[in-house]
Every structure is written in C-alpha cells, then in structure tokens.
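Encoded as structure tokens, the structure appears first; notes follow it.
The values are calculated or read from the model by the stated rules, or taken from the named source; none is laboratory data. In this text, all values refer to a predicted model and were calculated from it rather than measured experimentally. Don't worry about glycine lacking a Cβ; one is built from the backbone with ideal geometry, like all the others, and counts go over all protein chains shown.
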C-alpha cells in the first residue's frame, strides 16, 4: 500500500510507494519540492518532518547531521516513508511544470575555452525542444546506467530556431564521464539524457535586487538566467559575481562583459582567488562570497542565486544569512557535487 505525504503549509498531498524516496515520488507527480543533487550530498532538499516515520538512505553528514536527524529533519531525496508523513517544506512553483523526458542528443560542437573546460552544443530531435526553466539541469545516462548532471547554459527561448542545449563541463581527472569528453567524445556522437531537473531557477514573482554568484563552471546556469533576464527585458537589478582561480578560468569573460553592457541593470564583478603574475590582474581578488559581503553588508532585501563548488555555496549561505541579514528562504542554490562529493571521497 502506498503512503500519503502531506506538505505543509501548502497542504499538497501525494502518494509514495513503499521504499520510494519522497522526492522521487514528488518529481514523478509534478510536485515542486526544493532539491539539487538527488544523492544525499548537497542538503538542498532538507525539510522538517512533522509527523510519521521514514528510513534514510545513504547520505553525507554535511547534508544532514545526526543531530539534525534526531531533531526531526530529513532529506526528501533519501527518506522513504514507513507510514503516512507530514513534511514542512517550501513548495517551489514551477518546479514540476515541465514533464521529465528521456531523449537522445547529438554533439554538434565541442569547444575548449580553457584547458579544463569544454562547452558542448547538443542538438535535440527536430521540432522537439526541451522545455525547462533557466537554471535547471539534465542527466546524461551512461552505458552502465550511471548518471552525470549538467546545467543548461542557454535560456529556453534560444531553442526557437533549432532545438538544442549548451553545457559547460570541467574536466575532473579520473572522472568517468569528463575523461571521455576530453579524450574520446567527438562531434555527431549521440548521448542519451533525461530532464529537466532541479529547483534552481529564477523566482519571477519577485522584484528584489539579485546577487548572481558563480564559481567555476557554476557560471553555466547563471548564464542561462542572464539570457532569460535579457529575453524578458527585466528591470530587476542584478550583480553577477564570478569567482575563479586565475584569469584563464574566466572562460566566458568577454560574454559576461557584453551581457553587462547589454542589460542596463546588470553589473559584472569577476573575482580571482589565485591570480597569476602573467594575468596582470587589477580587478578584485580573494574569495568570491567575501567580495559580495564587502559590497553588500546588508542583504536583507535581496535574493541570492548561487551556483558552483559546494564549499562556496555552503560558505555563502551561512555567512549571508548570519552576517548580512539575508532571509534564509531567499537563498537559492545549485551545489555542483561531484561523484567524489556524493560518496564522501
């Protein structure tokens, strides 16, 4: 017999099969719950259980500590109900709006704007564009059934003439998929994918000024959001902070400069943590989230969209809320957890 999950304060209900994680059932039924990695590593789906019993699958203690679990918190991506359950969680309007589909995609171009970054342009079946919110991601299904997640770097409207998506991949030496991309993948190769997934996308019902915070290839979904803002002729004020090690890692620096010129209310601030002498860098240095705090000591009336390395996302969330007054529910994030992160390596 399936169990019933009730989400408060929205009052939404849905059924969950025995041994099925709450989040899996919610995605299947188009219920918008917050989530990121779906693997118990990022903590984006952490919610408070008000009633009922669950069994947790494997997860990282940084995503849900034993103390938090004892206090009634759960990760919906790993929590399988053992009874009817009442969960306190923000519902995410639009998260379940588009059907999740499996579809083939063909590699049209592979460019390498930095030594360890590849930009893939993927062609989708003719007249069959993927519907998604700017900021969401797809999963590639590998031959052994394992999956790798990458965010779309182009806004949905860019598919009007030709269905396709743009992806930014950083090479992780020893990584099953990225090793293949950097050594063997070629144009016209077919990859199977499924999506869209994720609750990281622009909340368009707000007119609050935004901090768009990216590290490394976390720039990809932020780029899609900026393209969407341009397409919508948005009047919202936004500041893009892009943190990288050296200037070479700002692999679309010129694109960001041009976007800031084209969008009157967008400001672009690149920040390098380890500039090289040959960079002749005269811009900002240090940790990118600290640059935000220096410029915006009061974030009480802002929204933050943060994407990139888990340590950056976690530090930004903690410090912005504790030290800059950012409302906890105005921090939206997509933590780029690697397979090593997911397995605690």
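So here's what we get for this one:
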read-out: Subset of the stretch 262-285 that is part of a loop (DSSP other than H, G, I, E, B) and without any contact (Cβ under 8 Å) to a residue 12 or more places away in the chain - its residue that is farthest from residue 248 (Cα to Cα); value: 264
read-out: Any hit, the stretch 291-300, residues being loosely packed, with under 14 Cβ neighbours inside 10 Å, at pLDDT 95 or above and in contact with a strand residue (DSSP E or B) (Cβ under 7 Å, 6 or more places away or on another chain); value: no
read-out: The stretch 274-290, residues that are surrounded by fewer than 21 Cβ atoms within 10 Å (Cβ to Cβ) and within 22 Å of the chain's Cα centre (by Cα); value: 287, 290
read-out: Tally of residues being surrounded by 23 or more Cβ atoms within 10 Å (Cβ to Cβ) and touching a helix residue (DSSP H, G or I) at 6+ places or on another chain (Cβ under 6 Å) across the stretch 224-240; value: 1
read-out: Where residue 50 falls short, out of the listed (1) touching a helix residue (DSSP H, G or I) at 6+ places or on another chain (Cβ under 9 Å); (2) outside the structural domain of residue 149 (by TED's automatic domain parsing); (3) surrounded by fewer than 22 Cβ atoms within 10 Å (Cβ to Cβ); (4) assigned to a strand (DSSP E or B); value: (1)
read-out: Failed condition for residue 69, given (1) surrounded by 17 or more Cβ atoms within 10 Å (Cβ to Cβ); (2) part of a strand (DSSP E or B); (3) without any contact (Cβ under 8 Å) to a residue 24 or more places away in the chain; value: (2)
read-out: Every residue from the stretch 1-31 that is part of a loop (DSSP other than H, G, I, E, B) and either free of Cβ contacts under 8 Å to residues at least 40 places away in the same chain or under 15 Å from residue 195 (Cβ atoms) (or both); value: 1, 2, 11, 17, 30
read-out: Residue check, residue 58 loosely packed, with under 14 Cβ neighbours inside 10 Å, in contact (Cβ under 8 Å) with a residue 12 or more places away in the chain and over 20 Å from residue 6 (Cα atoms); value: yes
read-out: Out of 270, 277, sole residue that is within 22 Å of residue 171 (Cβ to Cβ) and not assigned by TED's automatic domain parsing to the domain that holds residue 117; value: 270
read-out: Any hit, the stretch 187-203, residues being farther than 24 Å from residue 39 by Cα, surrounded by fewer than 20 Cβ atoms within 10 Å (Cβ to Cβ) and within 16 Å of the chain's Cα centre (by Cα); value: yes
read-out: Unmet requirement for residue 180, which otherwise passes all of (1) more than 18 Å from residue 37 (Cα to Cα); (2) surrounded by fewer than 17 Cβ atoms within 10 Å (Cβ to Cβ); (3) in contact (Cβ under 8 Å) with a residue 12 or more places away in the chain; value: (3)
read-out: Close pairs (7 angstrom Cβ cut-off, 6 or more residues apart or separate chains): over 30 Å from residue 274 (Cα atoms) in the stretch 200-218, in a loop (DSSP other than H, G, I, E, B) anywhere; value: 202/134; 202/135; 207/236; 208/301; 208/302
read-out: Hits in the stretch 249-264 (condition: surrounded by 14 or more Cβ atoms within 10 Å (Cβ to Cβ) and modelled with pLDDT of 95 or more); value: 249, 250, 251, 252, 253, 255, 256, 259, 260
read-out: Single condition residue 218 does not satisfy, out of (1) over 24 Å from residue 245 (Cα atoms); (2) touching a strand residue (DSSP E or B) at 6+ places or on another chain (Cβ under 9 Å); (3) buried (at least 17 other Cβ atoms within 10 Å of the Cβ); value: (1)
read-out: Breaking point among (1) surrounded by fewer than 17 Cβ atoms within 10 Å (Cβ to Cβ); (2) closer than 19 Å to residue 155 by Cβ, for residue 246; value: (2)
read-out: Test set (1) at pLDDT 95 or above; (2) under 16 Å from residue 309 (Cα atoms); (3) in contact with a helix residue (DSSP H, G or I) (Cβ under 8 Å, 6 or more places away or on another chain) - residue 200 fails condition number; value: (1)
read-out: Scan of the stretch 309-345 for residues that are on the phi > 0 side of the Ramachandran plot and modelled with pLDDT of 95 or more, ordered by number; value: 325
